[in-house]
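One structure is given here, and the rest of the page talks about it.
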Amino acid sequence: MPEDGKKLALDQDAFIAGLAQIVGSDNVSRDPASLTLASADIWAPGKGSLLAVVYPGSLDQLSRVVAAISAAGLPIAPRGAGMSYTGGYVPMVQDTVSLDLSRMNRILEIRPEDMTVTVEAGCSWSALLAALAPLGLRTPFWGPMSGLVSTIGGGLSQLNAMLGGGRYGTSSESVIALSMVLADGRILRTGARGKGGNAPFYRHFGPDLAGLFCGDAGIFGIKGEITLRLIRAPAHEDYASFSFKTGEALLRAMAEFSRAGVACEMCAFDPGLTKVRLARASLAGDVKTVGAVIKRQKSWLRGLIEAAKMARGGRSFVEEDEYPLHVICEGRSAAGVAADMATARRIAATEGGVEIENTIAKVIRAVPFPPLNSVLGPAGERWAPVHGLVPLSQAPAIFAELQNFFAARADLFAKAGVSTGYLFTGVSTNALIIEPVFYWPEQRFAVHEVAIEPAHLAKLPTIAANPAATAIVAAARAEVIRIFAGHGCSFYQIGRTYPYMESRDAATGELLEAVKSVVDPAGIFNPGGLGLAAAKNPVHQT
Ligand SMILES: Cc1cc2nc3c(=O)[nH]c(=O)nc-3n(C[C@H](O)[C@H](O)[C@H](O)COP(=O)(O)OP(=O)(O)OC[C@H]3O[C@@H](n4cnc5c(N)ncnc54)[C@H](O)[C@@H]3O)c2cc1C
């Protein structure tokens, strides 16, 4: 905080007026509701404060806004849909300006002839899919489960797993080019961009600069426009679900699925998470979901058969103490998909996997971007996942260590009302994600209320503040991260939560500091993100 509070107040008015000149007065907000919403992510509030929220509407406005905030020496916290939980976009110093990308949500150009699509960074994954589907096109990685609202810019800044991830890897692996706004407002454009520079068509042209900005936690610049690679939407898909007796058997099977490259998506749960999912299932949700599954089938007869199977199977087709795995294969030909499915069945059987009703696998494809009601638990309790990307061969051993850790805390968790579960998925042919999940009684934030459908929110009880339970979860989360880090695991969503700089060699650290000193010399972008920038903002350090 500057020493002279009065001077700051005077400067603030002129500063806000300057921003309003760029974006229009409706697009600069200091109202308490906007500030509160952007001050806490799904995990916790930031330790600093917001001065204003600014909503630029184009790359040009974004560049001018960043230059103006930079000239005022204030920190900037870029925000997509705010669906993260690692302290990435919350204010950690006083007088931070939240840069909300939600108005920059346009799909700028689809070029089927070049197999590229260019979007503004605030475009959601669901909007992109909706625009591409009628053209028979798709991006290779096509979104996280939060993609109904979560943005492509947010997804590239912290990397994503899930839809398409099993075959095509993380979100950044679909990137062709980025238009980055640096701290002084300059625009840096990556990739080979065709004549005139406006038709990015290929990522690699010298060193891979796009890669530098992917997974950067928003500390190297603001993503303004993004060009992604396209594929033809696969004409065929098939679904299977298997149930495994132990987590270790499940993870051995998932590792072999990855090596074989058969699954475009795979998603598994432990018994704890299965219980939560069953508790959440509401009749209204089921009716909508059945409709979506029917619509996706290729004939009405097939659709009716699926509806009948779902009605018969209900939600009771997973044994309560087992580990269900849901797998989706896709491809250009029915024969290719059938061959992948046959391989999947063979692998599952090798680990004792028993085939079960494949409804959930179908639902993943039919409703890939469900409403964000799962930002809270089924009884309104808080929810927080934590994860590690683990080597295929190590997954069972790391899982066993995590299980031991949770078993040792079972009494503590039970007394505090903390419940846990796991989600598992795969990324390309060479990594699995193990994601422990916590639920605990604690009050919700504005970001939860905005994300959840009003009708669902109305059914949830409000829960009082419970710092004691949160402290237990925070300590357990930190310990889980320590276990992953001890195995040399990688992390997405590094934000201000996962260790990064401490595991890098000295030369890497120096290179990243050097890059930072060029793109953001005063350290105004997300200070402290990636564990890199905290010391770079002498005026505004807390
Ligand atoms: C119900 C639910 C399901 C989820 N499922 C998945 C899943 O399947 N897979 C998965 O990977 N994650 C998942 N997530 C986590 C999260 O939603 C994703 O990581 C998502 O990519 C966040 O995008 P966002 O637009 O909300 O980003 P935000 O939360 O707004 O921001 C994330 C980070 O990126 C930075 N940032 C945002 N936009 C920009 C920009 N334009 N330029 C520079 N920096 C920027 C922010 O400062 C912050 O550090 C889920 C979350 C929820 C709540």
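Laboratory data are not the source of any read-out in this text; all were calculated from the coordinates shown. The shown structure was predicted, so the numbers you read here are calculated from the model rather than taken from an experiment. Here the Cβ is made from the backbone with ideal geometry for all residues, glycine too, and neighbour counts use every protein chain on show.
In terms of surrounding Cβ atoms within a 10 Å radius of their Cβ, Y55, Y168 rank from fewest to most as Y168, Y55. Cross-link check: pairs K47/K415; K195/K516; K223/K516 evaluated at a Cα-Cα cut-off of 19 Å; pairs beyond the cut-off: K47/K415; K195/K516. Computed over region 151-209, relative contact order equals 22 percent, with contacts defined as Cα pairs under 8 Å that lie 6+ residues apart. With an 8 Å cut-off on Cα pairs and a minimum separation of 6 or more residues, tell me the relative contact order of the chain in percent. Reported relative contact order: 18 percent. Going from the residue with the fewest nearby Cβ atoms within 10 Å to the one with the most, H204, H456 rank H204, H456. Projecting label points 7 angstrom from Cα along Cα→Cβ for E453 and A71 puts them 4.7 nm apart. Spin-label pair R332-K295: with each label point 7 Å from Cα along the Cα-Cβ axis, the two points sit 2.9 nm from one another. Projecting the Cα atoms of I76, F141, M92 onto the charge dipole of region 34-143, computed from C-beta unit charges around the Cα centre, puts M92 farthest toward the positive end. Dipole orientation for region 367-470: of the candidates N430, L460, G377, L460 has the Cα lying most toward the positive pole (charges on Cβ; Lys, Arg +1; Asp, Glu -1). Only helices enter the 222 nm calculation for the chain: every DSSP H run of n ≥ 4 contributes -39,500 (n - 2.57), and dividing by all residues gives -11500 deg cm²/dmol, rounded to 500. Let a ≥ b ≥ c be the square roots of the eigenvalues of the Cα gyration tensor of the chain; is it rounded (a/c under 1.5), or, if not, prolate (a/b larger than b/c) or oblate? It is prolate, given that a/c is not under 1.5 and a/b is the larger ratio. For the chain, the Cβ-based charge dipole about the Cα centre amounts to some 1040 debye (Lys, Arg positive; Asp, Glu negative; other atoms uncharged). Taking every C-alpha pair closer than 8 Å and separated by at least 6 residues, the mean separation divided by the residue count of region 28-184 gives a relative contact order of 21 percent. On the basis of the beta-carbon distance and an R0 of 56 Å, R346 and R186 show a calculated FRET efficiency of 0.55. Using the Cβ-Cβ distance between D31 and A475 with R0 set to 35 Å, the FRET efficiency from 1/(1 + (r/R0)^6) comes to roughly 0.50.
Overall size of region 317-427 from C-alpha positions, given as principal axis extents largest first: 53, 34, 27 Å. Given their separation in residues at 0.36 nm each and the Cα-Cα distance between them, N430 and F205 gain 78.4 nm when the chain is fully extended.
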